[in-house]
Amino acid sequence: MRGPNSSRQGTSCVQLPYPFSRAWESCARQKPSRGAVLIQTVERVIINATPATIWQVLSDVERWPTWTPTTLQVEPLTPGGLRVGARYRVAQPKLRPGIYEVTECKPRQAFTWIQKALRATMVADHRLTASDHTGTEVELSFATEGLVGALLGSINSKLIADYVRTEALSLKQHCESLRAEASA
C-alpha cells in the first residue's frame with residue numbers, strides 16, 4: 001500500500017510487431033494498432049491536493065517553466081487555452097522544440113497532447129484520480145509510437161524517464177506548496 005508521499009514509477013514497455021505483441025496487453029492502458037511499435041514511460045505520484053488545485057496548475061501549460069525544470073517554454077499557437085485542437089510549441093532542455101496538439105481534454109481529469117513527425121508520434125498523457133482521504137493520484141506518461149518513434153524512444157529512454165519523473169515530483173512539490181500557502 002502506498003502512502004501520501006510515495007511515488008511509483010511505471011515500467012517502460014516495448015511493443016513488438018504482431019504476433020510478438022501479446023505481452024503488451026498487461027502493460028498499457030490501450031493496445032496500439034496491430035504492428036505498431038511503442039515505448040512508454042509511466043510515473044504515478046500521490047499529491048496532497050484536490051484534483052481542482054492540480055488541474056489549475058497542470059492545465060496552465062504556459063506557466064510550466066515556473067515549476068518544472070524540464071520545460072523551458074510553452075508557446076500557444078492557437079487561441080482559447082487548453083482544449084481539444086489547441087496547439088503549443090514546447091521547448092525542453094536537450095531536445096528540439098516540438099509542436100504538440102491536444103487530442104483529449106477533460107477538465108479536472110485528464111489531457112493528452114501529441115507531437116507527430118515522419119513515422120513517429122509522441123504522446124504525453126496527464127491523468128488525475130481523486131483518492132480516498134489521501135489526496136489525488138497523478139499519472140504522467142510519455143509514449144513514442146511508430147518505427148522512428150521507437151528508435152527515438154530507445155535512444156532517449158533515460159532522458160524521457162528522467163523528465164517524466166521530474167515533472168511528476170515537481171508537480172507534487174508545487175501543488176503541495178500552494179496548498180500550504182493557502183492554509184497559512
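Annotation for segment 92-146: GluC sites (Glu not before Pro) lying in DSSP loop with at most 16 further Cβ atoms inside 10 Å of their Cβ do not exist. Look at C105, C175 and count the other Cβ atoms within 10 Å of each Cβ; fewest to most, that gives C105, C175. Global size of segment 69-184: 15.4, 51 Å for Rg and Dmax (C-alpha atoms, Rg to one decimal, Dmax whole). Ranked by the mean number of other Cβ atoms within 10 Å per residue, highest first, peptides 48-56, 128-136 order as 48-56, 128-136. Among the trypsin sites (Lys or Arg not before Pro) in segment 57-138, those located in a DSSP loop and surrounded by at most 14 other Cβ atoms within 10 Å of their own Cβ are R83, K94, R119. With Cβ to Cβ distances under 12 Å as the rule, what net charge do the other residues near A130 carry (K, R +1; D, E -1)? Cβ neighbours under 12 Å give a net charge of 0.
Computed from the coordinates by the stated procedures, all read-outs in this text should not be read as laboratory data. Bear in mind that the values here come from a model prediction, so they are computed numbers and not experimental data. As a convention, Cβ positions derive from the backbone with ideal geometry for all residues, glycine included, and neighbour counts pool all protein chains shown.
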